[in-house]
Structure formats: C-alpha cells, structure tokens
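The values are calculated or read from the model by the stated rules, or taken from the named source; none is laboratory data. Quantities reported herein were computed from a predicted structural model and do not represent experimental measurements. Glycine also receives a Cβ, built like all others from the backbone with ideal geometry; neighbour counts cover every protein chain displayed. Side chains included, ligands, DNA and RNA excluded: accessible areas come from the protein's heavy atoms. Shrake-Rupley method; radii C 1.70, N 1.55, O 1.52, S 1.80 Å.
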Amino acid sequence: MAQDSSLTEFWDVRYRDGVTPWEGARTSPEALAFFQRQPVSRILLPGCGSAGDLPLLLDCGHQVQAIDFSEQAVAIARAQWPQAAAHIQQADFFAVEHEPPFDAVFERAFLCALPPRLHARYAEQMARLLRPGGALAGVFFIADTQRGPPFGLSMSALSALLEPAFALESCQPQEVGVPVFGGQEFWMVWRRQHGNEDL
C-alpha cells in the first residue's frame, strides 16, 4: 500500500477500510459563529473527506464546493449527504482554477494531511483561490511533528508559510477536538491581504 499521503491510493484505502480517525469532528462554536455572520459567500471545502461540515455551511445559506481527490471519500460523502451530493466533487485541490475567486476556504484537517513538501504549494494555491479580503478559516493542527499524517506545524512555521499573503485575524484553542490531534487544534481566521494578487 502506498504510504505517500499525496497519492489518492493512500486515502482510498483508508476510506475503504474505515480507518479514518480524523473524521467525526463537531463543528466548533467558533466556526459556527464565523460562518453564520458572513454574508452569502462562495466557499471552498478542500480535502472534504466525508464532508461533515457541508450541511452546516449550506444551512447558513452559503454556496459551497466540497472537493476531495479520493474517489472513496467522495462516494462516502455523497452517500452520507444525498441532499447535498451536487456540492461534492472529486477534484484535486492543486488543479482547481476559479474565477471569480472564493470568498472563503474552510480548512479542516487538510493542510496537516499533506506531506511537508506540498505546504508551499498549498499556501500559493490558497492565495490564488481567495479574493483579497477573503478568509482562510478553519481548524489547524499546531504541533512540531516530524512524521505524519497528520503533519503538524509550529505556529511560527505556519505564520512563515502564510505571510505576507495572509494576516492572522483570530486564533483560539479548540476545547472539543478529535483525539488523533491530541488537543492541539486551533480555530484560526487568516485574512487574504490586498497587494499580493500575483502570488
């Protein structure tokens, strides 16, 4: 079995076998409050897995595109949320092109699923996909880990990755998280800055 988390096979096997300890997270009060107070927005949910956050975002009135490159994950998500199946697509985040840009991206255990060699591409693609003033909002795994997934990042490393295209607007530890992340989950909102459109 492939051990490279950049490959679809890595995730297809795990979803097929039900080895998905990162799934089952409840939407935090911070996330709920943030997305409820946003005007109707176009939101990307990358690496959506079983898309547990999708119904909440749709209930808030947002236009949501949930994507995952794992065929197995997409099949599970569509079966779990048949009423929202049209919002769930099999797609590679790094191949997404969108005009106009998204208003927000909901990050949920996506960055930490990527091998570190892809982190710079993640930041560049996020900057391309989000409009200036848009939000990269979600739950980030803050831990200085050498192995993964999940691949953690220290706060200083995350800041170095996202700045100056993004500025940190809020950061709050999550009281109720997923055991696999060991209590090191933080709700954050990173605001896409103006003047960095060519990144």
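Just check region 49-150 against the gyration tensor rule for me: Cα atoms, a ≥ b ≥ c as the square roots of the eigenvalues, rounded for a/c under 1.5, and otherwise prolate or oblate depending on whether a/b exceeds b/c. In terms of gyration-tensor shape, oblate.
Surface exposure of region 13-126, expressed per residue as accessible area with a 1.4 Å probe, stands at 46 Å². Ranking L45, L153, L32 by how far each Cα lies toward the positive end of the dipole of the chain (charges on Cβ) leaves L32 at the top. Region 156-179 and region 6-74 have their alpha-carbon centroids 18 Å apart. With every protein chain in place and a 1.4 angstrom probe, the accessible-area ranking of D68, D103, largest first, reads D103, D68.
Roughly to the nearest percent, how much of the accessible area of region 63-199 is carbon and sulfur, given a 1.4 Å probe?
Details: 3320 of 6530 Å².
Carbon and sulfur atoms account for 51 percent of the accessible area of region 63-199.
With protein chains left intact and a 1.4 Å probe, residues in region 140-199 average 55 Å² of accessible area per residue. Among beta bridges from DSSP that stay inside the chain, the antiparallel ones total about 45%. For region 50-199, a crude dipole built from +1 on the beta carbon of Lys and Arg and -1 on the beta carbon of Asp and Glu, taken about the Cα centre, is about 200 debye to the nearest 20.
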